[in-house]
Amino acid sequence: MAARIGALEAGGTKMVLAVGSEDGSIEEQVSMPTVEPDRVVPEMADWFREKGVDAIGIGAFGPTGVNPKSPDYGHILFTPKLAWQGYDFLGKMREGCDVPMGYDTDVNVACLGEATFGCARGLDSVVYITIGTGIGAGVMIGGELVHGMLHPEAGHILLNVSPDDPGKSVCPSHNRCFEGLAAGPSIEARWGAKAVDLQGRDDVWELESDYIAQALENYVVCYSPQKIILGGGVMHQEQLFPLIREKFARYLNNYLRTPELEDLDSYIVPNSLDEKQGILGCIELGRRALAAS
Ligand code: ADP
Ligand code: ZN
């Protein structure tokens, strides 16, 4: 009988729970608001136990401990959500549902989902960027999700502020980081309107695409991905894609020449799994945890 895999996409606003199979089919899916952990975590563990899952993959909001050898593995670290700060998320899930569990960041599982089931299938080096309330990047290199000392926080790379920028960074830590300059709240603070209502404003998307293109140039020269995937609420503005590709090519300035870079329409792409990349990445993470157990 095929294994039943639990998937938990743990976001700062809501939790998405699903049960599926290793082929990426989803049998059932529910969501719950991200209230205090003492309330929501036991409820989620009970849900998975009652479904009789064989393993669970968890993609968590960060920063969070993703190194199994570290004492903070599976803990949520310094978050403005105080009730979650230092919380032993993975440990408490295990208390309520004792099955093999895989644990990684929300953006790393989105990257894994695309690399296993989506537009990056068959590739082993991929960057997945989400531009929404914040900016995060999931990075896979040589088939492995990158952790390093903690995990990449590539939304906080420093960029050159455009002389045409009428606003400023909204990141409390950095006055010119990518997230502070280009995530949804930054767009809204700069232009005084909801990002979705700015669709017809060319100046908004010229500036936004400039920041995104700068960031991608940095990711390409550092991580050398075979594909870059862009998701998150802001990327619903599809007019961004051609602007980003054009500016990216200008910033890279022919410094690298590879077959991938010759076809930017296939190199810099939207996510492909109908907003299911995270939950499907959790399924794959759970499958790997089961196989390793
Ligand atoms: P989260 O990052 O909280 O998981 P989203 O990826 O939906 O959620 O990001 C929310 C942000 O994306 C908000 O700041 C919002 O302004 C922006 N956003 C959502 N939908 C759109 C849209 N259609 N066009 C532009 N911006 C959007
Ligand atoms: Zn920052």
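The values are calculated or read from the model by the stated rules, or taken from the named source; none is laboratory data. Note that the coordinates shown come from a computational prediction; the quantities given were computed from them, not determined experimentally. Reconstructed Cβ throughout: ideal geometry from the backbone, glycine too, with neighbour counts over all protein chains shown. When the accessible area is computed, the model is the full protein with side chains, heavy atoms only, and any ligands, DNA or RNA have been set aside. Shrake-Rupley method; radii C 1.70, N 1.55, O 1.52, S 1.80 Å.
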List the pairs whose first member sits in the stretch 119-141 and is within 13 Å of residue 271 (Cα to Cα) and not assigned by TED's automatic domain parsing to the domain that holds residue 13, whose second member is surrounded by 24 or more Cβ atoms within 10 Å (Cβ to Cβ) and polar (S, T, N, Q), and whose Cβ atoms are under 7 Å apart, counting only residues at least 6 apart or on separate chains?
-> 138/105; 138/108
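Could you pull out the residue among 240, 216 that is over 26 Å from residue 144 (Cα atoms), among the aliphatic types (A, V, I, L, M) and open to solvent by less than 30 Å² (accessible area, probe 1.4 Å)?
Just a single option satisfies the conditions, and that option is 240.
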Quickly run through the stretch 46-59 and pick out the residues that are open to solvent by less than 50 Å² (accessible area, probe 1.4 Å) and touching a Pro at 6+ places or on another chain (Cβ under 9 Å).
-> 55, 56
The residue from 170, 204 that alone is within 15 Å of ligand 1 (Cβ to nearest atom) and in contact with a Pro (Cβ under 8 Å, 6 or more places away or on another chain) is 170
Does the stretch 128-138 contain at least one residue that is aromatic (Phe, Trp, Tyr) and either assigned to a loop (DSSP other than H, G, I, E, B) or under 9 Å from the mean Cα position of the chain (by Cα) (or both)?
-> yes
Breaking point among (1) within 22 Å of the chain's Cα centre (by Cα); (2) modelled with pLDDT under 95; (3) not aromatic (Phe, Trp, Tyr), for residue 164 | (1)
Residue in the stretch 161-189 that is nearest to ligand 2 (Cβ to nearest atom), counting only those that are open to solvent by 30 Å² or more (accessible area, probe 1.4 Å) and in a helix (DSSP H, G or I) | 179
By residue number, the members of the stretch 121-134 that are open to solvent by 10 Å² or more (accessible area, probe 1.4 Å) and within 16 Å of ligand 2 (Cβ to nearest atom) are 130, 132, 133, 134
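Taking only the stretch 60-82 into account, find how many residues are over 19 Å from the mean Cα position of the chain (by Cα) and either acidic (Asp, Glu) or open to solvent by less than 50 Å² (accessible area, probe 1.4 Å) (or both).
Of the residues in that region, 2 qualify.
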Taking the stretch 10-25 and keeping only residues that are within 15 Å of the chain's Cα centre (by Cα) and more than 10 Å from ligand 1 (Cβ to nearest atom), one is left with 10, 15, 16
